[in-house]
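This report refers to the structure that appears directly beneath it.
Taken together, the values in this text are just the output of simple stated rules run on the coordinates, not laboratory data. Note that the coordinates shown come from a computational prediction; the quantities given were computed from them, not determined experimentally. Here Cβ is always computed from backbone atoms with ideal geometry, including for glycine, and neighbour counts include all displayed protein chains.
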Amino acid sequence: MAQRLKGKTIVITGASSGIGKATAVEFAKTQPDDLKLILTARREDTLKEVAREIEGFAKGVKVLPVKLDISKIDQVQAFVGNLPEEFKDIDVLVNNAGLVKGMAQAPEISTADIDTMFSTNVTGLIAMTQAILPLLKAKDRGDIINIGSIAGREPYAGGSIYCATKAAVRSFTDAMRKELIATRIRVIVIDPGQVETEFSVVRFGGDTEKAKKVYEGVEPLTGEDIAEVVVFAAGRRENVVLADTLVFPSHQA
Ligand code: NDP
């Protein structure tokens, strides 16, 4: 697998924490000799810390932290053009950035929270895909790996908008895979179950007590568990697509 990732340039959105950060670390561990990682998120200082951590153990990996809010379409559209020349030959896009804002029954969810979730989880993910796809098409190969959620398959009360955004990620991924069927570009969706990251803390507006309660009775996955699946998918030989994968902790119903 390491050989197949050699020399690749990989973009990860939401790489400042959780699954995205773990994915960056996992790629670097798997191919420490020759890899370029472009790590994006809104928290630039945190991204720089992640970059330092990776460069500390993987001397052959070049890491570029890029401050990017994917919900701001102008930033996404300027992203590729602003990259240094040596990072422009992108092979893999991991569309990981996402969030839940304001847990409530549908009628009570504010328009602002709806907009934050859709503009990040859906429009931002699509805009990133549109930005990177021409580069993959030009060489007729590459991977787009979208992080969906079990929420996109099994909607739950109190999470209607988040669930709808993740169902949109599934539909978009499926349609894209069909549109690109004649190419060597792989389009992949990985749907995690419960993963213990900052996600739940963001969901409850910083209330760590409430965030912890979500995992009662289930030993959640770690970001690393999902990262391993992402890197495995990217490391398959070209004719193998992990088109649609659900990853659960053993005791999640
Ligand atoms: P985290 O909160 O730890 O990570 C979310 C990441 O997204 C952060 O790096 C955050 O960085 C980034 N992000 C959020 N909004 C934006 C934005 N507008 N522009 C750019 N980056 C943004 O949570 P997870 O690692 O758990 O979440 C990663 C993905 O996994 C999400 O898509 C989530 O929906 C999905 N998922 C998570 C599950 C879980 O149980 N944790 C279950 C199923 C799916 P910053 O704040 O610096 O911008």
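Label separation (D244 vs E224): 3.1 nm, computed from points 7 Å beyond Cα along the C-beta direction. A simple spin-label model places the labels of Q3 and K67 4.3 nm from each other, with each point 7 Å out along Cα-to-Cβ. Would you mind telling me which residue in P192, P220, P134 has the biggest mean-square fluctuation in a Gaussian network model of the chain, where springs connect alpha carbons within a distance under 10 angstrom? With Cα springs under 10 Å in the chain, the top fluctuation among P192, P220, P134 is at P134.
Here F57 and E108 are evaluated by their C-beta separation; at R0 = 45 Å the FRET efficiency comes out at 0.45.
The GluC sites (Glu not before Pro) of the stretch 196-245 that meet both conditions, a loop assignment by DSSP and at most 10 other Cβ atoms within 10 Å of the site Cβ, are E216, E238.
Return one number: the angle in degrees, 0 to 90 and rounded to the nearest 10, between the long axis of the Cα atoms of helix 160-179 and the longest principal axis of the Cα atoms of the chain. With both axes taken from Cα atoms, the answer is about 30 degrees. Placing pseudo-labels 7 Å out from each Cα toward the beta carbon at E85 and E216 gives an inter-label distance of 5.9 nm.
Taking a ≥ b ≥ c as the square roots of the Cα gyration tensor eigenvalues, with a/c under 1.5 meaning rounded and otherwise prolate when a/b beats b/c, else oblate, which class fits the stretch 96-229? In terms of gyration-tensor shape, prolate. Taking each DSSP H run with n ≥ 4 as -39500 (n - 2.57) and averaging over every residue of the chain yields -12000 deg cm²/dmol at 222 nm. If R0 is 22 Å, the Cβ-Cβ spacing of R236 and R153 corresponds to a FRET efficiency of close to 0.45. Restriction of the chymotrypsin sites (Phe, Trp or Tyr not before Pro) in the stretch 145-253 to DSSP coil positions whose beta-carbon has at most 11 other beta-carbons within 10 angstrom yields Y156. Among 173-179, 64-70, the peptide with the highest mean count of other Cβ atoms within 10 Å heads the list, and the full ranking is 64-70, 173-179.
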